[in-house]
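Structure first, commentary second.
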């Protein structure tokens, strides 16, 4: 499963700026939240500044779902504090996690957190990934070992830990978008840590265009080397990849995408998975899922999904890059490299 390395990762999506003169008046907000940077652009006919409001929303969101905040609801659940009542954000993320877990046959699993930390990612100070230790942690992995009863989280055993980093950033995007829409804003683009949702048009009256990074290890800065540019129309887009979040130990590369069934880094030919859906939380979770199960199983799963478009960048037997695009995604691509 994909988690954000030390809470900071950009998953290969950058905003493509237009060059035409402005037609509408737009405002921009940038800040740091969710352990990463965020950028928000919206049509602002009233001149209202939403900087403080959005910052407050993201702070409150962290108090629910951030494992990096020791006082958050999810951290308190992980510490087995008694009588913790979770909020609506927690319930929504838990239910979506359970849904994706079922349709992916367990490839997406928010209980894999202890294993992810053992490999040196997430909140782990140092990796400890000898086989016996990893195998001992697998007893705590599995969505069937945790459930919601009302607003209370029930675990089969205290060692079960939850980590929702693989879809929380996408959900944070949705939360901010819902706020903007509640304020009557019809044209906006919200990006948090590379997860994006756009509605309407940009300041040039054109649909929003998003760049997808080439998934190579040396491509450190988002936007420096693009694989493709896509045009989005009232949808969300999320990308998951292993080309920025990894480490090398004794000559072996360890990526942050952990297979919950084996407790080991997923090894397959997919280098990055870009997913387009109506909401960003689902796109974020599915991008992680596809990275775990590989390209052939991803194609099979895609046949069962409605309203999902994908772009997979993968390596063939010779090490060359290839792209697989769903039919709907082909019509969204405006440029490739």
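Across region 101-118, the qualifying residues are those that are modelled with pLDDT of 95 or more and buried (at least 23 other Cβ atoms within 10 Å of the Cβ), and the one among them that is farthest from residue 287 (Cα to Cα) is 111. Assessment of region 36-49 against the conditions (at pLDDT 95 or above, within 19 Å of the chain's Cα centre (by Cα), surrounded by fewer than 19 Cβ atoms within 10 Å (Cβ to Cβ) and outside any loop (DSSP other than H, G, I, E, B)) yields at least one matching residue.
Collect the residues in region 283-296 that are under 23 Å from residue 263 (Cα atoms) and touching a residue at least 24 places away in the same chain (Cβ under 8 Å), keeping them in residue-number order. Talk me through it step by step, then tell me what you get.
Within region 283-296, the subset under 23 Å from residue 263 (Cα atoms) is 284-296.
Once the filter is applied, which keeps residues that are under 23 Å from residue 263 (Cα atoms) and touching a residue at least 24 places away in the same chain (Cβ under 8 Å), region 283-296 yields 284, 285, 286, 287, 288, 289, 290, 291, 292, 293, 294, 295.
Looking at region 197-223, which of its residues are in a strand (DSSP E or B) and either modelled with pLDDT of 90 or more or surrounded by fewer than 18 Cβ atoms within 10 Å (Cβ to Cβ) (or both)? Hits for region 197-223 are 197, 198, 199, 201, 207, 208, 209, 210, 211, 212.
Residues that are in a loop (DSSP other than H, G, I, E, B) and either more than 22 Å from residue 215 (Cβ to Cβ) or out of contact with any helix residue (DSSP H, G or I) (no Cβ under 8 Å at 6 or more places or on another chain) (or both) were ranked within region 271-308; the one that is modelled with the lowest pLDDT is 294. Can you tell me which residue is surrounded by the fewest Cβ atoms within 10 Å (Cβ to Cβ) among those in region 54-68 that are in contact (Cβ under 8 Å) with a residue 24 or more places away in the chain, part of a helix (DSSP H, G or I) and touching a helix residue (DSSP H, G or I) at 6+ places or on another chain (Cβ under 8 Å)? In this case the residue turns out to be 57.
The number of residues in region 69-91 being within 16 Å of residue 163 (Cβ to Cβ), surrounded by fewer than 16 Cβ atoms within 10 Å (Cβ to Cβ), out of contact with any strand residue (DSSP E or B) (no Cβ under 8 Å at 6 or more places or on another chain) and touching a residue at least 40 places away in the same chain (Cβ under 8 Å) comes to 0.
Please verify whether residue 258 is under 24 Å from residue 193 (Cβ atoms), more than 20 Å from the chain's Cα centre (by Cα) and touching a residue at least 24 places away in the same chain (Cβ under 8 Å), treating the condition exactly as stated. Walk me through how you get there before you give the answer.
Numbers: under 24 Å from residue 193 (Cβ atoms): yes; more than 20 Å from the chain's Cα centre (by Cα): no; touching a residue at least 24 places away in the same chain (Cβ under 8 Å): yes.
No; evaluated as a whole, the condition is false for this residue.
Region 79-165 holds helices (runs of 4 or more DSSP H) entirely within its bounds, and those carrying 3 or more residues that are over 25 Å from residue 264 (Cβ atoms) map to 88-103.
The values are calculated or read from the model by the stated rules, or taken from the named source; none is laboratory data. Given the structure is predicted, the values throughout are model-derived calculations rather than measurements. Ideal geometry is used to build each Cβ from the backbone, glycine not excepted, and the neighbour counts take in all protein chains shown.
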